[in-house]
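Have a look at the structure below, then the notes.
The values are calculated or read from the model by the stated rules, or taken from the named source; none is laboratory data. Note that the structure is a prediction, hence the values are computed from the model and not measured. Heads up, the Cβs are rebuilt from the backbone with ideal geometry, glycines too, and the neighbour counts pull from every protein chain shown. Surface areas here come from the heavy atoms of the whole protein model, side chains and all, with no ligands, DNA or RNA. Shrake-Rupley method; radii C 1.70, N 1.55, O 1.52, S 1.80 Å.
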Amino acid sequence: MVKKGLESFRGKHVLLLQGPVGPFFKYLAQDLMDIGATVNKINFNGGDSFFYSGMAIDYTGTLEGWPHFFADFIESHWIDTVMLFGDCREYHRIAHAIAHKNGIDIGVFEEGYIRPDYITFEEFGVNGHSQLSRSPDFYRFLEEEEFFISKTVSVGKTFWYAAWFAILYYLFSALAFPKFRHYRHHRSLSPWEAIYWIRSAWRKQWYKIKENGIMEDALNRLSKQYFLVPLQISTDAQVREHSNFVSIENFIEKIIASFSASAPKETWLLIKHHPLDRGYHDYSDFIMRTAKHHHVDMRVKYMHDQYLPALLEHARGVIVINSTVGLSAIHHNTPLMACGSAIYDLEGLTYQGKLDQFWDESKSYKCDRDLYHRFGGYVINNKQINGNFYRRIKKSQLKSGIIW
């Protein structure tokens, strides 16, 4: 879908389900209509309606009634393409199965596999549902034009855009609750959700003061002596659907226990919080309790908003569940262990042994740089779009602000 570009949807009957918070799907619909597609949109809550008002259908029924409604809708509106953001949301999971059964094309948007200047758009599914080849040889035998990357336009900083859209989304979802009272969201739709984003902004400044000096320590005294563990969002479907971990705490506990039992005594463990989960969770107490229980509290550090590329470059190794940070680690030629199902978890790109052995064997592990170059180029050319859901690229000629 990415390689063929926006023009491939000319003449199509497109149905948009839930998009990312903000007006991205509204602008995308305008782009699609400008090239001759017929576009329908279904809203599920007040946040959806606020950002996509006008020509849209509000679904106010129950989750149990959704399969029948969706099946009737795609038939009566001659839908041949469904687009949605995230394929693990319950409404999307149901719609995906019905659309697939009926031979309808499915385009799934997600945050970029390669960040910060890309968004993901895949046919059928993303992450663990992606149809990307898991064979290293597939990428090794690609023709050069299949992985050659053209110029990328920088998006710039996006946090405040995303935060503002999230506040509005949850606010209007709460206000319109009486109308959409049957809707089930993957996260609470209370108006108090806006407080979490405000708290996130406050914590960002507080952590900058509280963690003063921790970055310099990591890049100097601890350089190549620490393992970096970037955490994921607590509600991330990547964790729930594509790993064996029941929670972020479960992941942290397993990592610290293994580090205590098997890591060289001179090494440290640096655990980095996810910036978009800053307003919701602080694992300080849990990490310290767990580290003390395993007698490594003097070798474990917890951080928030430190500069990730530098941390990756100076780490002895990186451990993730299936975060896209994994690709950044490979980019920086840092040994990587993926503990969940990840699109980049290929022999030659990531360590394929057990976690307990990674602590020692990471020092001698070497990534296949040619394989990484080919894999990354193929993913960008076939599964990524230059742009962002929350901030439009000024150089884009499209209303959505992306560059196909």
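Things worth noting here:
- Given Lys224/Lys383; Lys26/Lys272; Lys301/Lys363; Lys41/Lys151; Lys3/Lys272, the pairs whose alpha carbons are separated by over 23 Å: Lys224/Lys383; Lys26/Lys272; Lys41/Lys151; Lys3/Lys272
- Amide H within-cut-off set for Ile106, under 5 Å, with H built and near neighbours excluded: Val82, Phe124
- Accessible-area order (highest first, 1.4 angstrom probe) of the listed residues Arg203, Arg115, Arg278: Arg115, Arg203, Arg278
- Residues Trp160, Trp206, ordered by accessible area of protein heavy atoms at a 1.4 angstrom probe radius and largest first, appear as Trp160, Trp206.
- In the chain, the longest principal axis of the Cα atoms and the axis of helix 90-101 are about 60 degrees apart.
- For region 298-353 and region 193-233, distance of Cα centres in Å: 16 Å
- From phi via Karplus (6.51, -1.76, 1.60), per-residue ³J(HN,Hα) for region 172-177 in Hz, x at Gly/Pro: 6, 5, 5, 5, 9, 4
- Backbone HN-Hα couplings from phi across region 263-277 [Karplus 6.51/-1.76/1.60, Hz, Gly and Pro as x]: 6, x, 5, 7, 8, 10, 10, 10, 10, 10, 6, 7, x, 7, 10
- Rolling a 1.4 Å probe over the protein heavy atoms gives the chain an accessible area of 46 Å² per residue.
- Net charge contributed by nearby residues that have their C-beta within less than 15 Å of Asp297 (K/R +1, D/E -1): +3
- In order through region 149-161: 3J(HN,Hα) via Karplus (6.51 cos²θ - 1.76 cosθ + 1.60), integer Hz, x for Gly, Pro: 9, 7, 4, 9, 8, 6, 7, x, 6, 10, 4, 5, 5
- Loop GluC sites (Glu not before Pro), region 28-102, which have at most 11 other Cβ atoms in a 10 Å radius of their Cβ (DSSP): Glu64
- Length-normalised contact order of region 47-152 in % [C-alpha pairs under 8 Å, at least 6 apart]: 16 percent
- Amide proton proximity set for Tyr302, modelled H, under 5 Å, gap of 5+: Ile271
- Fraction of accessible area attributable to carbon and sulfur, the chain (%, probe 1.4 Å): 54 percent
- Packing-based ranking, highest mean first, of 23-34, 48-59, 148-159 given that Cβ atoms within 10 Å are counted: 23-34, 48-59, 148-159
- CD proxy at 222 nm, helix term only [per DSSP H run n ≥ 4: -39500 (n - 2.57); per residue of the chain; nearest 500]: -11000 deg cm²/dmol
- Tilt relative to the chain, helix 193-210 - C-alpha long axis, 0 to 90 degrees, to 10: 30 degrees
- Model label points for Gln225 and Glu249, set 7 angstrom from Cα along the Cα-to-Cβ axis, are 3.2 nm apart.
- Each peptide among 8-16, 251-259, 292-300 gets the average number of other Cβ atoms lying within 10 Å of its residues, and from highest to lowest they stand as 251-259, 8-16, 292-300.
- Taking 0.36 nm per residue of separation and subtracting the Cα-Cα distance, full extension of the segment from Val153 to Asp137 would add 2.7 nm.
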